[in-house]
Amino acid sequence: MKTEKITGQNIKNLIQKTITALKKGETIMHATETCYGFACDALNKKAISRLYKIKKMDAKKPSSIMVANLTQAQKYGEFNALAKKLAKKYWPGPLTIIVQRKSSLPKFLNPSSETIGIRCPAHELTQKILRAYKLPLITTSANISGQKESYSVNTFLKSAPKNSLLPDSILDSESIPKRKPSTIVAIEKNEIKILRSGSISANNLLLR
């Protein structure tokens, strides 16, 4: 495990190191606009397996992906008019949109699901990494499955059981504000189904 403290002076170098790590199939822990998250290459089977082991997550539980923008999202999911409208209004931001997946996503990613959750985060560093990497990343909160979200690296490390598998790289943005996780919606034909209420009000989404 490597920990990198983020400063104004090392951002470019840190992004390059992160890109190299992701290409090697490594996992990272990073801040988002909601809480700390785990990430890895969404097209790398071994990386996904490692991330699930770190989080102690049920292998049958589907993962979401994060992308840099709507254009990239449409390479991996079917966005109808309603899905596009939500993405244009709330992205970048804490909204995960579940849509029909495209064949461009590998079958080993959420093999029992015909849909995919897609998020476009607003966090500056995460956005820079996504734009530089140019491929989707798995995104999930940085915690052991069933535990509370982490808002600092120390919180996660203290909560992890002894001898736990840890992320290969940690991008330490120090403590971040405690915010609700992303709101999750599923688009079913021309209807919005709220699956998890979060940082974006469900009432605002339903009003469109």
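Rounded to the nearest 10 degrees, what's the angle between the helix 45-55 long axis and the longest principal axis of the chain, both from Cα atoms, 0 to 90?
70
Can you order the peptides 98-109, 180-191 by their average number of other Cβ atoms within 10 Å per residue, highest first?
180-191, 98-109
How far is it, in nm, from the label point at Lys17 to the one at Lys5 when both lie 7 Å from their Cα along the line to the Cβ?
For Lys17 paired with Lys5, the spin-label model returns 1.2 nm.
What is the local net charge at Gln74, summed over the other residues whose Cβ is closer than 11 Å to its Cβ (Lys, Arg +1; Asp, Glu -1)? Walk me through the numbers on the way to the answer.
Values: positive: Lys75, Lys84, Lys102; negative: Glu78.
Residues close to Gln74 contribute a combined charge of +2.
Looking only at the chain, where both bridge partners belong to it, what percent of the DSSP beta bridges are antiparallel (to the nearest 5)?
Numbers: 24 of 37 bridges.
The antiparallel fraction comes to roughly 65 percent.
How many percent of the alpha carbon pairs in the range 2-207 exceed a separation of 22 Å?
The share of Cα pairs beyond 22 Å in the range 2-207 comes to 46 percent.
Please list, in order, the residues from the range 18-44 whose amide nitrogen is less than 18 Å from a point placed 7 Å along the Cα→Cβ vector of Lys134.
18-25, 41-44
On a 25 Å Cα-Cα criterion, which of the cross-link pairs Lys88/Lys193; Lys5/Lys45; Lys2/Lys46; Lys46/Lys89; Lys61/Lys107; Lys102/Lys193 come out too long?
From Lys88/Lys193; Lys5/Lys45; Lys2/Lys46; Lys46/Lys89; Lys61/Lys107; Lys102/Lys193, over 25 Å: Lys5/Lys45; Lys46/Lys89.
Out of all DSSP beta bridges in the range 1-118, what portion is antiparallel? Express it as a percent rounded to 5.
Of those bridges, close to 85 percent are antiparallel.
Run the numbers for Lys158 and Glu114: contour at 0.36 nm per residue of separation, minus the present Cα-Cα distance, in nm. Mind dumping the intermediate values first?
On the way: separation 44, 0.36 × 44 = 15.84 nm, distance 3.66 nm.
Between Lys158 and Glu114, full extension yields an extra 12.2 nm.
Taking only Cα atoms, what is the 0 to 90° angle, nearest 10, from helix 81-90's long axis to the longest principal axis of the chain?
40
Would you please give the FRET efficiency between Lys189 and Ser103, computed as 1/(1 + (r/R0)^6) with r the Cβ-Cβ distance and R0 = 25 Å, to the nearest 0.05?
The pair Lys189/Ser103 has a calculated efficiency of 0.75.
If you average the C-alpha positions of the range 124-141 and of the range 54-101 separately, how far apart do those two centres end up, in angstrom?
13
Taking the Cβ of Thr126 as the centre, find all other residues whose Cβ is under 11 Å away and add up their charges (Lys, Arg: +1; Asp, Glu: -1).
+1
None of the figures in this text is laboratory data; all of them are computed from the coordinates on show. Bear in mind the structure is a predicted one, so any value in this text is a computation, not a measurement. Methodologically, a virtual Cβ is constructed for each residue, glycine included, from the backbone with ideal geometry; neighbour enumeration extends over all protein chains shown.
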